[in-house]
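Undergrad: Have a look at this one.
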Amino acid sequence: MTQSQPIALVSGATRGIGRAIAQDLAQKGVKVLLGARNLQAGQKVAVEISTSEIQVEAVELDTTHQNTIDNLSALIAEKYGRLDILVNNAGISLDFYPDLSVREKLSRTLETNVIGTAALTDAMIPLLEKSQHGRIVNVSSVLASFTSREQADWIYKDVAMPTYQASKAALNSLTLGPVRA
Ligand SMILES: NC(=O)c1ccc[n+]([C@@H]2O[C@H](COP(=O)([O-])OP(=O)(O)OC[C@H]3O[C@@H](n4cnc5c(N)ncnc54)[C@H](OP(=O)(O)O)[C@@H]3O)[C@@H](O)[C@H]2O)c1
């Protein structure tokens, strides 16, 4: 890759929106590091979405496991020396798991959607600071909008995902910053 080629890390990119973001970035000429809890699954997707110009690289990342975050920041520092774009996409919703208690749903959801995202961001800041145009993109949800929820004709007014909504509202607060105290 060339020095001018932007480098992006996308968390939770083995499927869904993360995979689509990774594919789109690769097609736009961005070197994509594809975050995957299961590295083998990630490598399979990386092959599928690589282009003739961009070889997408799968990297092990479980945002609830700090060791994978630390290993990944060390790998990026050693191999690339910087990060230009961090896409915090990894997220879960457990509201439709009736066997889980509210405590379990909320703590697990916050652990991934908020704590994991904040920890990954914190670890990547030194690398983003090495970029001339560092960017952090947090994938939130319209369900967390306080303004929309107050509107009687809101399209999602009957959608109730309380623990998920709360996690994305917390993520929105983190997004507004400041990133560090
Ligand atoms: N789908 C929607 O309608 C919608 C709407 C608004 C916002 N969003 C948000 O968009 C993002 C992606 O949603 P999606 O629908 O594409 O979800 P998805 O299909 O369920 O995919 C979630 C991705 O996150 C990964 N992941 C889960 N926990 C993780 C963790 N602890 N560490 C690292 N990766 C983890 C999964 O990895 P594995 O493959 O290993 O499970 C998977 O790659 C989420 O933040 C979600 O809240 C979704």
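Undergrad: At a Cα cut-off below 27 Å, give the lysines reachable from Lys105, other chains included and same-chain residues fewer than 8 away excluded.
TA: Those lysines meeting the cut-off are Lys157, Lys168.
Undergrad: Same structure again: Return the whole-Å distance between the Cα centroid of the range 136-169 and the Cα centroid of the range 1-46.
TA: 27
Undergrad: On average, how much accessible surface per residue is there in the chain, in Å², for a 1.4 Å probe, leaving out ligands, DNA and RNA?
TA: On the way: 10310 Å² over 181 residues.
Accessible surface, normalised per residue, equals 57 Å².
Undergrad: First compute the accessible area of the range 116-181 with a 1.4 Å probe, then give the percent of it belonging to carbon and sulfur atoms.
TA: 57
Undergrad: Only Cα pairs under 8 Å and at least 6 apart count here; give the relative contact order of the chain as a rounded whole percent. Don't skip to the answer; put the middle values down first.
TA: On the way: 294 pairs, mean separation 35.9, N = 181.
This gives 20 percent for the chain.
Undergrad: Quick check on the chain: helices-only [θ] at 222 nm, where DSSP H runs of length 4 and up contribute -39,500 (n - 2.57) each and the sum goes over total residues. Nearest 500, please. Spell out each step's value before the answer.
TA: On the way: 7 runs with 77 residues, N = 181.
The helix-only estimate for the chain comes to -13000 deg cm²/dmol at 222 nm.
Undergrad: Follow-up question, since we're still on this one. Taking only the C-alpha atoms, wrap a convex hull around the chain and report its volume per residue in Å³ as a whole number.
TA: Working: hull volume 24.9 nm³, N = 181.
Per residue, the Cα convex hull of the chain comes to 138 Å³.
The values are calculated or read from the model by the stated rules, or taken from the named source; none is laboratory data. Keep in mind that what you see is a predicted model, and the values were worked out from it rather than measured. For accessibility, only protein heavy atoms count, side chains too; no ligands or nucleic acids. Shrake-Rupley method; radii C 1.70, N 1.55, O 1.52, S 1.80 Å.
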